[in-house]
Amino acid sequence: MPNRYQDIYPSKPLFDSSQIRRQSARELMTVEYFEAEPASMPHEIFNQHHILINLRDEPTDVENWRGHEHRKFVFHRDEIVVTPAGIKSGWRWHQKSKVIVITLEPKKFGDFALRELGIQLSSTQLLDQPQFLDQDITQAASILKDTMTQKEIGSELMYESLARVFLVKLIQKYGLKKSDQIKFQKGFSSEQYKRVLDFIKDNLDSSLKLSDLARVAGLSEYHFSRLFKKTLGRSPMQYVLIYRIEQAKKFIAETDLPLSDIAQRCGFFDQAHMSNSFAKIEHKSPKLFRH
C-alpha cells in the first residue's frame with residue numbers, strides 16, 4: 001500500500017508543514033494544502049488516517065469511494081471527510097478542489113490522545129463519523145495552513161502550539177470522555193487560541209501577565225490556565241518565556257544588536273534576566289549561542 005496519501009494527489013501542495021522544523025507534531029501529523037483541477041485519484045489503501053477539509057466557497061460535486069461504499073455528494077465549505085488507515089479510498093473531483101489534507105500516524109495519534117489528554121481512542125471511532133461539519137476544527141486547520149506561510153520570528157513555536165490545538169479538537173470529536181469534560185474543553189475555540197498567541201507575539205516587548213492573556217481569551221484566569229495547559233502542554237507563562245527565548249535566539253543569530261537591546265525587544269527585565277532564562281532553557285549563555 002502507498003505510504004502517503006499525498007503521493008497520489010493530482011497536484012503538488014501549495015503549502016506543506018514538513019518545511020517547518022523542530023516541531024514534535026510533525027512526528028504524528030502532516031498538513032498540506034492543495035488546489036487541483038477536476039481529476040480522479042486511484043483507489044488505494046493507506047497506512048495513515050487522512051482528513052480532507054474543504055475550503056472551497058462554492059459547493060463542489062465529488063465522488064468518494066470508502067471501503068465498499070461509493071457516494072456522490074455535494075462537498076460544502078468547512079465539511080470534513082475522514083478515512084481511517086486500512087480503508088480503501090478514492091476520489092473524483094468535478095470542480096476545482098481547495099482542500100487541506102491532514103494525515104495522522106495512527107499509533108502516535110492514539111498515544112498522544114492517551115498521554116496528553118487521558119482519552120482512549122477505539123479502533124472503530126474514526127469509522128463512526130466519516131463526514132461532518134465542524135467550523136471549530138476547520139478553523140484550527142485553516143489557522144495551521146496560514147501559519148505555514150509565515151516566516152516571522154517565533155512562527156515555528158506558534159505552529160507547534162496550533163497543531164496541538166487541532167489535535168485536541170479532533171480528539172474531542174472522537175474520544176471516549178464524559179460530556180461535561182468535553183463541554184468544558186470546547187469552551188475555548190481555535191480562534192480564541194490564535195487570538196491569545198497573536199497577542200503574545202504582538203506584545204512581547206511588554207510585561208505580559210496572566211490576567212492580560214485571560215482577558216484576551218475572555219475567560220477567568222483559572223479556567224484559561226487549565227485549558228491552555230491541557231491543550232498546549234505548558235502553562236501560559238511558560239509559553240511566553242519560551243516564545244521570548246525563541247525570539248531572542250533569532251535576533252542573536254541574525255543581527256548584530258547588542259544583547260541589552262535584544263533583551264528589551266524580547267520583553268525581559270534586563271540583559272541579566274534574559275541570560276539567566278536563556279541558560280536554563282538552552283543550557284548555554286546568549287554570548288556562547290552567538291559565537
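What follows is calculated from the coordinates using simple rules that are stated; it is not laboratory data. The shown structure was predicted, so the numbers you read here are calculated from the model rather than taken from an experiment. FYI the Cβ positions are ideal-geometry reconstructions off the backbone, even for glycines, and counts take in every protein chain you see.
The string of couplings for the range 266-277 from the Karplus curve (6.51, -1.76, 1.60, θ = phi - 60°) is 8, x, 7, 4, 6, 5, 5, 4, 5, 4, 5, 5 Hz, one whole number per residue in order, with x for Gly and Pro. Here the calculated FRET efficiency for S285 and E116, from their Cβ-Cβ distance with R0 = 35 Å, stands at 0.60, rounded to the nearest 0.05. Could you list which residues have their amide H under 5 Å from that of D61, counting only those 5 or more apart in sequence or on another chain, with H placed in the peptide plane? Excluding prolines and chain starts, which carry no amide H, the hits are F75, H94, Q95. Beyond a 29 Å Cα-Cα separation, which of these cross-linked pairs lie in this structure: K209/K250; K107/K209; K108/K287? In this structure, K107/K209; K108/K287 exceed 29 Å between Cα atoms. Over 28 Å between Cα atoms: which of K229/K249; K145/K284; K96/K230 fall into that group? With Cα atoms farther than 28 Å apart: K145/K284; K96/K230. Across the range 187-291, the mean sequence separation of Cα contacts (distance under 8 Å, 6 or more residues apart), normalised by length, yields a relative contact order of 22 percent. Annotation: aspartates and glutamates with alpha-carbon distance below 15 angstrom to K280 (same-chain offsets under eight excluded): E246.
Give me the net charge for the shell around T255: Cβ to Cβ below 12 angstrom, other residues only, Lys and Arg +1, Asp and Glu -1. Spelling it out: positives minus negatives among the neighbours equals +1. Summarising the label geometry, the points placed 7 Å from Cα in the beta-carbon direction at Q95 and S206 lie 4.3 nm from one another.
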